[in-house]
Amino acid sequence: MQKIVFFSLHNAARSQMAEGFARQQTGANVEVLSAGAEPSRVHAQAIAAMAELDIDIADQQARTVNELELARADIVVTLGPEEITPALPASVHHLHWPISDPAAEDATPESFRTARDHIQARVAILARLIDVPEGPPSEEFHASIRVHDLAESARFYAWLLQTWPKEWTHRYVTFLCPQFNLNFVLTVSDGMELHHDTLYHVGIGVPDRATVIDAYHRAVACGATISKPPRTTWRGTPLHELWLHDPDGTAIEIYARLTEEELARKPADLQPEFLVPGTEPADG
């Protein structure tokens, strides 16, 4: 079971609201609590602000924890001054959220709503990161972006990345940066829609064909949206590839370059080879 502690000075507002959101957004396999270095009581305006979102923190109590209890946590989130954080072992994942104290002298209902909304957004991300499954092992990161002036952008990124591009045409410029494991492509801004058949995407390079197939099964288990199942493509740059969509519809490519032996088996018709039985399109 994962244990999360939200820690602040008085455990009166920010950490209490964070506890309320985390209890709502995490499952039964996560233990959530909040505490303070100098605990007082739960602030009435924090209770009211949370009640506006139908979250009841009226029964939560301000409390203290000792260093041993914090050391046993998996995640400690401090809200407020960093200096209140006791020494934590390396095994504890420490996050610091510098959110202004809504219970300051000029506290208003709006200051509590602002702090509440900032905390809600941060907890939503934390809750989705707690149980991230293991992803495919990557060897390279690939990104393609659109630019208005290919020549000027080529100059800028040659300076930024401290290398000339490997190749370029009238439509794209390709940088290979081994020091960053980065394959970075600039492509002309032509007004085309972003989708899986354009160059505009993010990708990761993996070691081999088997890893692409394994990434497919991991993506299915994770509930990721698969736009094209694993296949070997021969047109352009021959690759073993899997295409996903992120939650906003951005195209994500997981790819492996072919070995010399695999390249020698290139079919005359250059038709793609689907790597997982049953994933071929219905039309062939």
What is the Cα centroid distance between segment 117-193 and segment 1-63, reported in whole angstrom? 38
In which sequence would LEU263, LEU258 go, from the one with the fewest C-beta neighbours within 10 Å to the one with the most? LEU263, LEU258
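State the three equivalent ellipsoid semi-axes of the chain, derived from the C-alpha gyration tensor as the square roots of 5 times its eigenvalues, in descending order and whole Å. Could you put the intermediate results ahead of the total?
Numbers: eigenvalues 460, 102, 67 Å².
Result for the chain: semi-axes of 48, 23, 18 Å.
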From fewest to most C-beta neighbours within 10 Å, the residues ASP56, ASP214 line up as ASP56, ASP214
Quick one: Debye curve from the C-alpha atoms of segment 2-129, no solvent, what's log10 I(q)/I(0) at q = 0.17, 0.21, 0.22 Å⁻¹? -0.80, -1.25, -1.38
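Are there trypsin sites (Lys or Arg not before Pro) in segment 72-133 that DSSP marks as loop and that have at most 16 other Cβ atoms within 10 Å, and which are they? Could the numbers behind the result be given before it?
Values: sites: ARG72, ARG113, ARG116, ARG122, ARG128; in loops: ARG72.
Counting only loop positions with at most 16 other Cβ atoms within 10 Å, the trypsin sites (Lys or Arg not before Pro) in segment 72-133 are ARG72.
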Quick check: net charge around ILE254, other residues with Cβ under 13 Å of its Cβ, Lys/Arg +1 and Asp/Glu -1? -2
Please identify, among ALA12, ALA268, ALA22, the residue showing maximal mean-square fluctuation in a Gaussian network model of the chain using a 10 angstrom Cα cutoff. ALA268
What are the ³J(HN,Hα) values, in whole Hz, obtained from phi via the Karplus relation 6.51 cos²θ - 1.76 cosθ + 1.60 with θ = phi - 60°, for each residue of segment 202-207 in sequence order, with x given for Gly and Pro? 10, x, 10, x, 10, x
Between GLU134, GLU253, GLU67, where does the largest GNM mean-square fluctuation fall for the chain, given springs only between Cα atoms within less than 10 Å? GLU67
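Read-outs: derived from the displayed coordinates by stated rules, not from any lab. Since we're looking at a predicted model, the values are computed, not measured. Neighbour counts are summed over all protein chains in view; Cβ atoms, including those assigned to glycine, are modelled from backbone coordinates with ideal geometry.
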